[in-house]
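Single-structure report; data block below.
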Amino acid sequence: MVGVSLFTATVFAMDSQQAYSGGNSTYIWMPLSILVSLAAVMVIMSAMEKSGADTLDKLFTAAFGRVVGRIAAIPLILLFIASAFFILTDFVNMIHSFVFYNSGYWEIALWVLLTSLLLSFMGLECISRTTLLILPMFAAAVLAALLIPYKSYAIYRLSPFPGNSLEDMGRLTLHNLLRTFGAMMALLTVTDKLCGMRFAKSSCFIGAVCAAAFTALTQFAIAMAYDYIDLADMLFPLYRMEMIMVEEGYLFRMDNLSLFFWLMAGITTAAYYIYSSAMLWCRCFGPKDTRPGVVAFIVMTGCAVVMQSEGHYDEFRVLYYSAGRWGWAIISLPLIAAAVLSVRRGMAVRSGKV
């Protein structure tokens, strides 16, 4: 789940105007943002092990107490909901623009939202098994998209290399941390439902490293297929790459087949975020059943998806840039404080018992 979520966030759910403005260095700073997020999550996991907290809500409770811990968890809940919103919005926009362009936007959004609701309503096991089921074909579809237009690749399109200055790459990396950080943090809400923290660590590490490698390869191929000026105004460049081919051949219109597996990956990723947000909400605020929270958060996400298509796109874009600039600080500061305080209190309790 972590690997698919990270790849979806860095390849499909991205802002082309921001990522390719002034040059294309996405094959550098996007994998870098994944690795930076991985390092931060590993530190948080180590703090959770030392404090004896096996889930995020227990980490916040051990550090701040029950009341303040609930408040500290709210930014993470909003992060998970926002992550689901960005993924669903981009996929609905792509389907409406390239496939069912004669259909209404709401009809397409409703189908995608109801499928995400069903998966998240069924729980973590259903989400993880569905992700595992589509993973081989999802990876094959990505590799096919990279191999089909190989004759159109040109090194000169990488100019200017590396595409952005170090300052711009650092800024873009920080802005992208919200998308990569949430995919791994969502796993920490359900670590007790897995095989423990050790399994969660290995899952995060393997998923993040594989996603970073696939992201670097994919973005490098996109950079050789299109100039950064064209990419800045392009929606879903990976989907468009599969259409760079002659009409004759067995792989003609492979994009429609690939789109099915990519869309399923996007839906399972959104369900993963929605379920994690509902789980964290329930554990912090008391309800035993996650299903009411799942329904409420899906409705919130669906309303936001439809609102941005009904004349509020600019407002959501401003909110996106503001969150990317300052959101990582709002989320990271409570986590850092929680990790430090929980470790200190855990050590104090163990020393007192001795």
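The values are calculated or read from the model by the stated rules, or taken from the named source; none is laboratory data. Note that the coordinates shown come from a computational prediction; the quantities given were computed from them, not determined experimentally. We place every Cβ from the backbone using ideal geometry, glycine too, and count neighbours over all the protein chains shown. SASA here: full protein model, heavy atoms, side chains in, ligands and nucleic acids out. Shrake-Rupley method; radii C 1.70, N 1.55, O 1.52, S 1.80 Å.
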State yes or no: is Leu110 modelled with pLDDT of 80 or more and touching a helix residue (DSSP H, G or I) at 6+ places or on another chain (Cβ under 7 Å)? no
Name the pairs: first residue in region 252-270 and in a loop (DSSP other than H, G, I, E, B), second residue at pLDDT 80 or above and charged (D, E, K, R), Cβ to Cβ under 9 Å, at least 6 apart or on different chains? none
Among Met122, Met169, which is the only one that is under 30 Å from Ser309 (Cβ atoms) and either surrounded by 15 or more Cβ atoms within 10 Å (Cβ to Cβ) or touching a strand residue (DSSP E or B) at 6+ places or on another chain (Cβ under 6 Å) (or both)? Met122
Being crowded, with 23+ Cβ neighbours inside 10 Å and over 21 Å from the mean Cα position of the chain (by Cα) is the filter; apply it to region 177-230 and report the residue that is modelled with the highest pLDDT. Ala223
All but one of (1) at pLDDT 85 or above; (2) farther than 24 Å from Leu6 by Cα; (3) open to solvent by less than 30 Å² (accessible area, probe 1.4 Å) hold for Ser342; state the number of the condition that does not hold. (1)
How many residues of region 7-57 are part of a helix (DSSP H, G or I), open to solvent by 20 Å² or more (accessible area, probe 1.4 Å) and either without any contact (Cβ under 8 Å) to a residue 40 or more places away in the chain or of a type in the set (A, V, I, L, M, F, W, C) (or both)? The answer is 9
From Leu146, Leu133, grab the single residue that is out of contact with any Phe, Trp or Tyr (no Cβ under 8 Å at 6 or more places or on another chain), modelled with pLDDT of 85 or more and part of a helix (DSSP H, G or I). Leu133
Would you mind telling me which numbered condition in (1) under 18 Å from Tyr275 (Cβ atoms); (2) buried (at least 21 other Cβ atoms within 10 Å of the Cβ) Ala63 fails? (1)
Return a yes/no flag: does region 119-138 have any residue that is more than 28 Å from Arg283 (Cα to Cα) and of a type in the set (Gly, Ala, Ser). no
Out of curiosity, is Ser120 over 22 Å from Val295 (Cα atoms) and among the hydroxyl-bearing types (Ser, Thr, Tyr)? no
Might you let me know whether region 273-289 holds any residue that is out of contact with any strand residue (DSSP E or B) (no Cβ under 9 Å at 6 or more places or on another chain), under 22 Å from Leu119 (Cβ atoms) and at pLDDT below 75? yes
What number of residues within region 155-183 are in contact with a Gly (Cβ under 7 Å, 6 or more places away or on another chain) and either in a loop (DSSP other than H, G, I, E, B) or among the basic types (Lys, Arg) (or both)? 3
Condition first: without any contact (Cβ under 8 Å) to a residue 60 or more places away in the chain and assigned to a helix (DSSP H, G or I). Now tell me which residues in region 97-109 satisfy that. Glu107, Ile108
Could you identify the single residue in Ile74, Ile87 that is surrounded by fewer than 21 Cβ atoms within 10 Å (Cβ to Cβ), in a helix (DSSP H, G or I) and of a type outside the set (Asp, Glu)? Ile74
Identify, by number, the condition in (1) closer than 27 Å to Val2 by Cα; (2) touching a residue at least 24 places away in the same chain (Cβ under 8 Å); (3) of a type in the set (Lys, Arg) that Arg157 doesn't meet. (1)
Within the set of pairs 6+ apart or on separate chains, which have a first residue in region 165-191 that is closer than 16 Å to Val41 by Cβ, a second that is open to solvent by 10 Å² or more (accessible area, probe 1.4 Å) and not in a helix (DSSP H, G or I), and C-beta atoms under 6 Å apart? Thr191/Asp54
For region 274-303, which residues satisfy the criterion of being within 17 Å of the chain's Cα centre (by Cα), of a type in the set (A, V, I, L, M) and more than 28 Å from Ala53 (Cα to Cα)? Ile298
